[in-house]
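Participant: Here it is, the structure in full.
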Amino acid sequence: MFLIVSFLSQLAGNLIFTQALGTSTVFISAKNKRSFMGVAFIICIFTTFGSMGAYFADRLLNGYFENFRLFAYVLITGIIYLSSLFILWCISKRLYGRLKKYIHISSFNCAVMGTLYMISENPENTNISDYLLYGLQSGLGFIIASVFVATAYKRLNCAKVPSSFRGMPAMLVYLGIISMAVWTLK
Amino acid sequence: MKSMKNRITDGLLRDNTVLSAGMIISPAIICTTSFRDSLALVYAFSVITFFADIIAYLIPKKLPYAVRVIWTSAISSLLYVPVRELTMMIYPESVERIGIYFPLIAVNSLIVYQTQHRFLNLDFRELLGNLVFYILGFDIVVLVCGALRELIAYGTVNNKVMNISMTVSGAGLPFGGFIILGIICGIYRKIRSLLSSGED
């Protein structure tokens, strides 16, 4: 029961279904199974570590220089971006060659930046563990949404779908229908 | 000459930023609940993207890809500061309604990735032409989407009451945005295929 409730709450607060954040990224990554899992997990890492950075940035800005919050978040994401590339390069050059494209796609996008903003805007997030949990939840929500999109990708790209609606238009309508169902959960 | 002209106008027709390339979909879905909000979005997007891409063009090409991406994002996030203030003067309520999506416009994929993949290889005049049409491509889609959703959801366009008998409030919600954008995308593809078969 707990798992079902957790799953439903993940859906209800989902980045893609309720906020449309990261829709473009999920469309790019859904094209094959390997890339969608890679991108989804790396985005989860970015939202989790980014949320910790956002906590310190929010404390530092402390309500002042509000307009520079985006700049601070860009710097945080930039640091995570470069660090992840460097760590991967140190671990294995072959792995770096294979995975770097997923890191490039996952760094600066609406899913990551939007999560940092959403955490910051939520008054319930007061300490670093709240930020971290929210970041992790958002990342997991993105993984769930990616699974939904990736499973439907093949069918929405098949010859049975009219050529004008094949691919992205059908995926948007499909996401709209899931989003409608998720809306009722809210 | 014709192919060069086609290449420059690609962003508007053949390779539309939203409908074909699938970029910047989130704001196009969430923030286009009314024509006025769409105008605010278009204003901020156009100004930030135009200047950020021009400044990003000056970043040395020798730098690694990741560093160039970070530089470009940092430039656009700094440009966001004055643009937000100016937009607040013209569309204060829209900026409030758009909320977190407003800053996200400054780190859109047209600035962050398209600059690196497409614009950097062009000469400056070509860059300007391409950029204008890519921006126009987004602007037109967002304005059409905003007008259509406002009409369907509230029976108004830019707060002017239209003579329609039925409204569907769901069009103003995120799922309505997904579905309407999907339909617009399908119609665009049909028109594009008709035009390209006509050219052949």
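Participant: Do any GluC sites (Glu not before Pro) in segment A:63-136 lie in a loop, going by DSSP, with at most 13 other beta-carbon atoms within 10 Å of their beta carbon, and if so which? Write out the running numbers ahead of the final one.
Facilitator: Numbers: sites: A:Glu66, A:Glu121, A:Glu124; in loops: A:Glu124.
Within segment A:63-136, the qualifying GluC sites (Glu not before Pro) (loop, at most 13 other Cβ atoms within 10 Å) are A:Glu124.
Participant: Apply the Karplus curve 6.51 cos²θ - 1.76 cosθ + 1.60, θ = phi - 60°, to the phi angles in segment A:120-125 and return the couplings in whole Hz, x for Gly and Pro.
Facilitator: Whole-Hz 3J(HN,Hα) from phi for segment A:120-125: 5, 7, 7, x, 6, 7.
Participant: Check which residues have an amide H placed less than 5 Å from B:Val157's amide H, if you skip close sequence neighbours.
Facilitator: B:Met162
Participant: At R0 = 45 Å, how high is the FRET efficiency between B:Glu93 and A:Lys33 if r is their beta carbon distance? Nearest 0.05 is fine. Can you show the working numbers first?
Facilitator: On the way: r = 44 Å, r/R0 = 0.99.
The formula returns an efficiency of 0.50 here.
Participant: Which value in Å does the Kirkwood hydrodynamic radius of segment B:142-189 take, with 1/r averaged over all unlike C-alpha pairs and then inverted?
Facilitator: Radius from the Kirkwood sum: 10.8 Å.
Participant: Let me ask another. Kindly provide the trypsin sites (Lys or Arg not before Pro) of segment B:97-157 that DSSP labels as loop, not H, G, I, E or B, and whose Cβ sees at most 10 other Cβ atoms within 10 Å.
Facilitator: On the way: sites: B:Arg97, B:Arg118, B:Arg125, B:Arg149; in loops: B:Arg118.
Passing sites in segment B:97-157 do not exist.
Participant: Hull surface divided by four, with the convex hull built on the Cα atoms of segment A:33-80: how many nm²? Walk me through the numbers on the way to the answer.
Facilitator: Numbers: hull surface 13.7 nm².
With the hull built on Cα positions only, its mean projection is 3.4 nm².
Participant: What does the convex hull of the Cα atoms of segment B:15-119 come to per residue, in Å³, rounded to a whole number?
Facilitator: Cα-based convex hull of segment B:15-119, divided per residue, equals 90 Å³.
Participant: Which length gain, in nm to one decimal place, applies between A:Lys154 and A:Leu185 when the Cα-Cα distance is subtracted from 0.36 nm times their residue separation? Walk me through the numbers on the way to the answer.
Facilitator: Details: separation 31, 0.36 × 31 = 11.16 nm, distance 2.71 nm.
Stretched fully, the A:Lys154-A:Leu185 segment lengthens by 8.4 nm.
Participant: Per residue of A:79-91, count partner chain C-beta atoms within 10 Å of its C-beta, then hand back the mean as an integer.
Facilitator: Working: counts 1, 0, 5, 5, 0, 1, 3, 1, 0, 0, 0, 0, 0.
If you average over the peptide's residues, the count of other-chain Cβ atoms is 1.
Participant: In the structure displayed, which of A:Lys33/A:Lys160; A:Lys93/A:Lys160; A:Lys33/B:Lys62 lie more than 32 Å apart, Cα to Cα? Write out the running numbers ahead of the final one.
Facilitator: Values: A:Lys33/A:Lys160 22 Å; A:Lys93/A:Lys160 42 Å; A:Lys33/B:Lys62 34 Å.
Going by Cα-Cα distance, A:Lys93/A:Lys160; A:Lys33/B:Lys62 fall outside the 32 Å limit.
Participant: Just from its helices, what would the mean residue ellipticity at 222 nm be for chain A, if runs of 4 or more DSSP H residues each count -39500 (n - 2.57) and the sum is divided by every residue, rounded to the nearest 500 deg cm²/dmol?
Facilitator: Working: 9 runs with 149 residues, N = 186.
Result for chain A: -26500 deg cm²/dmol, rounded to the nearest 500.
Participant: Moving on. Once you keep just the Cα pairs under 8 angstrom separated by 6 or more residues, what percentage relative contact order results for chain A? Please report the intermediate quantities before stating the final value.
Facilitator: Values: 199 pairs, mean separation 72.0, N = 186.
So the answer I get is 39 percent.
Participant: Karplus couplings for segment B:156-168 from phi (6.51 cos²θ - 1.76 cosθ + 1.60, θ = phi - 60°), rounded to Hz, Gly and Pro as x?
Facilitator: So the J values, rounded to whole Hz, are 10, 9, 6, 6, 8, 5, 9, 8, 10, 8, 10, 10, 10.
Participant: Longest exposed-loop-site-free stretch of chain A, with chymotrypsin sites (Phe, Trp or Tyr not before Pro), DSSP loop and at most 16 other Cβ within 10 Å?
Facilitator: Numbers: sites that count: A:Tyr64, A:Phe65.
Here the longest segment lacking exposed loop sites spans A:66-186.
Participant: Against the longest alpha carbon principal axis of chain A, how many degrees, from 0 to 90 and to the nearest 10, is the axis of helix A:33-61 turned?
Facilitator: Here the helix axis deviates by roughly 30 degrees.
Participant: With θ set to phi - 60° and the Karplus curve 6.51 cos²θ - 1.76 cosθ + 1.60, what are the ³J(HN,Hα) couplings of segment B:138-147 in order, to the nearest whole Hz, using x for Gly and Pro?
Facilitator: 5, 4, 5, 4, 5, 5, 4, 4, x, 5
Taken together, the values in this text are just the output of simple stated rules run on the coordinates, not laboratory data. The structure displayed is predicted, hence computed values, not measured ones. Every residue, glycine as well, gets a Cβ built from its backbone with ideal geometry; the counts of neighbours run over all protein chains shown.
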